Amino acid sequence: MELSRIAVSGASGLIGSALVRSLTADGHEVVRLVRREPRTPDEVRWDPERKYVDTAGLAGCDAVVNLAGANVGSRRWTDAYKAKIRAGRVLGTAALAEAVASLDRPPRVFVNGSAMGIYGETGDRAVDEDAPPGVGFLPELCVEWESAAAPAEAAGVRTAFARTGLVVSRKGGAWGRLFPLFLAGLGGRMGDGRQYWSFVSLHDEVAAIRHLMDTDGLSGPFNVTAPHPLTNSEITAAMGRVLHRPTVFTVPAPVLRAVLGEMAGDVLGSQRVLPMRLLESGFTFAFPEIEEAIRAAR
């Protein structure tokens, strides 16, 4: 990819900050969307809940990457927090898509965050991008989230959705909370451990987003998950092997439900998601196996 000007929302998050580091290391100019008054020339003001974007700051951008949204796994899903999760993703995407569509020279590509949660419970059944949405809060949210990008698509901007899995990183996300537990020797399977967890290394997550940005013709949904999803029990065992710690503890399903509330359904639920379109597009995973992904995150 030639040196470009790229706007990134959610630039301070786990994935966004890693993406910004990768882009700037390669010499690209990155414009970060912020919710406060800009402090530096590379910042642009926006307010996703109010659907406001300073469109002047997007002028000249070749690509826009939207990774903004409240952390789904950071706290219990109260009605108020679910509303916040929805507003940040759906209204934020709509704001950026409308801003992109309004530009005299729109960017050539809009990469929008999404999640494998769109498929809901899949059990042992492997699903790819052709699978229909599931039922529940997360699937319905993801459908709204992706639909909110319609103005960019209608304006002729190539639009791709990164349906991200569980990102293996010590710096944040679900795995950011798992690493300390396992390192302390307190790690173990959750529930019966038979539920599938579809994971992706942080390195491959960033590489996949850049692949979607750089590769002409790629549009629509792409599962950003490693090609070999495993059960929670298998992942627990892999964590123990890599970190050289016992994994004898088990968190019973009733305890998870008591602590996490509605969100426990997604921890105990099974999602066996395959990245078929990503592989077909020529993308190569650097860390396709779980032990490799865990080592890369250490």
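Filtering GLY185, GLY176 for residues that are out of contact with any strand residue (DSSP E or B) (no Cβ under 6 Å at 6 or more places or on another chain), open to solvent by less than 30 Å² (accessible area, probe 1.4 Å), touching a residue at least 24 places away in the same chain (Cβ under 8 Å) and in a loop (DSSP other than H, G, I, E, B) leaves a single hit, GLY185. Figure legend. Inter-residue proximity from region 284-298: first residues more than 10 Å from VAL168 (Cα to Cα) and touching a residue at least 24 places away in the same chain (Cβ under 8 Å), second residues in a helix (DSSP H, G or I) and open to solvent by 80 Å² or more (accessible area, probe 1.4 Å), beta-carbon distance below 7 Å, spacing 6+ or different chains. Indicated pairs: ALA286/HIS203; PHE287/HIS203; GLU291/ARG241.
The rows are residues; the columns are (1) modelled with pLDDT of 95 or more; (2) out of contact with any strand residue (DSSP E or B) (no Cβ under 8 Å at 6 or more places or on another chain); (3) at positive phi; (4) open to solvent by less than 40 Å² (accessible area, probe 1.4 Å).
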site	(1), (2), (3), (4)
PRO221	yes, no, no, yes
VAL224	yes, no, no, yes
PRO227	yes, yes, no, yes
MET239	no, yes, no, yes
VAL248	no, no, no, no
ARG257	no, yes, no, no
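Only residues that are part of a strand (DSSP E or B) and over 19 Å from the mean Cα position of the chain (by Cα) were counted in region 188-204, giving 3.
In the set (1) open to solvent by less than 10 Å² (accessible area, probe 1.4 Å); (2) within 24 Å of ARG163 (Cα to Cα); (3) hydrophobic (A, V, I, L, M, F, W, C), VAL30 fails one condition alone, (1).
Looking at ALA7, ALA83, which one is within 21 Å of the chain's Cα centre (by Cα) and either closer than 30 Å to LEU274 by Cβ or open to solvent by less than 40 Å² (accessible area, probe 1.4 Å) (or both)? Only one candidate passes the filter, namely ALA7.
The values are calculated or read from the model by the stated rules, or taken from the named source; none is laboratory data. Keep in mind it's a predicted model, so treat the numbers as computed, not measured. Heads up, the Cβs are rebuilt from the backbone with ideal geometry, glycines too, and the neighbour counts pull from every protein chain shown. For accessibility, only protein heavy atoms count, side chains too; no ligands or nucleic acids. Shrake-Rupley method; radii C 1.70, N 1.55, O 1.52, S 1.80 Å.
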